[in-house]
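Single-structure report; data block below.
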Amino acid sequence: MGFSKKFIVSSVVVLCVFFGAGSWISSKYTVPILMYHQVEDVEDGKVPPGDTVTPEVFEVQMSFLREKGYNVIRLADAMEAMRNNQELPHNSVVVTFDDGFLNNFTNAYPVLKKYDIPVTLFVAPGFMGRDGFLDWYHIIEMSKGGIEYGSHGMEQGYLPDLTREERNFELKNSKQILSRRLKQSIYYYAYPVGGFNDEVKEQVRQAGYYAAMTTNRGNDRFNKDLFEVNRIKMSNKDISSWTFRAKFSGYYNLFRKLKDSDG
């Protein structure tokens, strides 16, 4: 673990210990929304890519949530509470996945079922059935098992670089196709690569979405703006109880370095 990450983890834990009961720290609580991409094995001796968690580590992370009594809730419930300024229990956690890799079905889904973890997968209909990605069979099977879905665009286009017409294609077509195939409303969007700007946010809103997820971009650390909701990336390095407690605490965003929203 690098120095900056150690500092963040240590700072969050120290704050939770010494100021957990204080009104100031309590007011900064933000429901942690975890972000995953791939759950896949790697060759012996190789370090997993930054977007990959091995099945063994993923199970450790999910079992920790359940065994330590975290209130793992649906993304929709978290967004509804935020929209209505309702306070959620300070041990709440949301789990999301981006991109729709096939290993979400083969490796992640059995663990999610085992620990009864509600999840929202952000998928792109244009990627469906490509090599290494989910197809409609997998999507529908997981939907039957309680997995919920959001849009990741038609082709995961980077919205700040697209024309208004191209954005409409990404936003509206993906929403319509997913709604029709899954027979469920699609209200949430995840910006590909986390990129957005004010014009993009407004267009997402006009397309009928209730909220949009980013990564650690923008200026809103505390997710007051539902169209730039920050999430916390989970990696294969996250294997210690200290790291878990920091990232799941609800105060991790206090110390994160934010990036430009469209840079």
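Could you please let me know if T214 is without any contact (Cβ under 8 Å) to a residue 60 or more places away in the chain and within 21 Å of M79 (Cα to Cα)? Talk me through it step by step, then tell me what you get.
Details: without any contact (Cβ under 8 Å) to a residue 60 or more places away in the chain: yes; within 21 Å of M79 (Cα to Cα): yes.
The answer is yes for T214.
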Modelled with pLDDT under 95 and either surrounded by fewer than 19 Cβ atoms within 10 Å (Cβ to Cβ) or on the phi > 0 side of the Ramachandran plot (or both), is that true of Q176?
no
Starting from the stretch 247-260, take each residue that is more than 20 Å from E87 (Cβ to Cβ) and without any contact (Cβ under 8 Å) to a residue 40 or more places away in the chain and list its partners that are among the polar types (S, T, N, Q) and crowded, with 22+ Cβ neighbours inside 10 Å, counting only C-beta distances under 6 angstrom and pairs at least six apart or across chains.
none
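Does Y191 satisfy being of a type in the set (S, T, Y), in contact (Cβ under 8 Å) with a residue 12 or more places away in the chain and closer than 23 Å to Q86 by Cα? First the steps, then the outcome.
Details: of a type in the set (S, T, Y): yes; in contact (Cβ under 8 Å) with a residue 12 or more places away in the chain: yes; closer than 23 Å to Q86 by Cα: no.
No, not satisfied.
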Quick test of your reading of the structure: E170 fulfils all but one of (1) surrounded by fewer than 19 Cβ atoms within 10 Å (Cβ to Cβ); (2) part of a helix (DSSP H, G or I). Name the failing condition by number.
(1)
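The values are calculated or read from the model by the stated rules, or taken from the named source; none is laboratory data. Please read these numbers as outputs of a predicted model, since none were measured by experiment. Using ideal geometry, Cβ is built from the backbone for each residue, glycine included, and neighbour counts are taken over all protein chains shown.
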